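Beneath this line is the structure, given in structure tokens, with notes to follow.
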Amino acid sequence: LVGPRHPLASARRLSPADLSGHRIRIPGIRPGTEWAAYYDQLATAFDLRIDAVGPNFGAEALNDAIAESTDLMTLIGDGDRYVWPTGHDLRRIPVQNPTPLYPHTLLYRTGNPHPTLKALRRHLHRQCPEPPAETWTPDWTYPPTRRTQQDLC
């Protein structure tokens, strides 16, 4: 997500390598968390500048800062529903080849007979989109050679 005056604002799609050298604001990353480990590996893998300084004042404050900036961007999920004032003229640009994916895991006991758990698992599998052909996840998820839709869903 970039503002209208950002150097990448006219791009139709970007690769993670295209983001190298640009300041990517991800507010609220706390050291020692899974989020911090994810962004540390993402930054290392693609030589990115993740700016996590300061508190998270919410999406509205971040969108305001991005709209006014010529060098600030952030990363948001493909399915995230962000709304900003039309005057901000923000640009949502897909990052692909590879597409960074944040892994989510549902842990449960296999012997748990609760009917809602079965319904939840079926729902999550039905809702999981087909992953892009080329993806990136941190090395602590699963071996890169096994990244199938089943692994990603």
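Quick notes on this one:
- Computed on protein heavy atoms with a 1.4 Å probe, the accessible areas place TRP35, TRP140 in the order TRP35, TRP140, largest first.
- Divide the volume of the convex hull around the Cα atoms of segment 46-115 by the residue count and you get 195 Å³ per residue.
- Exposure of ASP18 as accessible area (Å², to 10), given a probe of 1.4 Å and all protein chains: 70 Å²
- Whole-Hz couplings from phi, Karplus 6.51/-1.76/1.60, listed for segment 74-81; x for Gly and Pro: 9, 10, 10, x, 4, x, 5, 9
- Considering all different alpha carbon pairs of segment 6-52, the Kirkwood hydrodynamic radius works out to 11.5 Å.
- Antiparallel bridges, percent of DSSP beta bridges restricted to the chain (to nearest 5): 20 percent
- Relative contact order, percent, the chain [alpha-carbon distance under 8 Å, six or more residues apart]: 31 percent
- Rounded percent of accessible protein surface that carbon and sulfur make up, the chain, 1.4 Å probe: 51 percent
- About the Cα centre, charge dipole magnitude for the chain (Lys/Arg +1, Asp/Glu -1 at Cβ), debye: 640 debye
- Here the extension length gained between SER15 and TYR82 equals 22.0 nm, from 0.36 nm per residue of separation less the Cα-Cα distance.
- Under the Debye formula (equal points on every Cα, no solvent term), log10 I(q)/I(0) of the chain at q = 0.10, 0.11, 0.15, 0.17 Å⁻¹: -0.43, -0.52, -0.90, -1.10
The values are calculated or read from the model by the stated rules, or taken from the named source; none is laboratory data. Just so it is clear, the structure is predicted and the values come from calculations on it, not from any experiment. All Cβ positions, glycine included, derive from the backbone under ideal geometry; neighbour counts span all protein chains shown. For the accessible areas, the whole protein counts, side chains as well, though only heavy atoms, and no ligand, DNA or RNA atoms are used. Shrake-Rupley method; radii C 1.70, N 1.55, O 1.52, S 1.80 Å.
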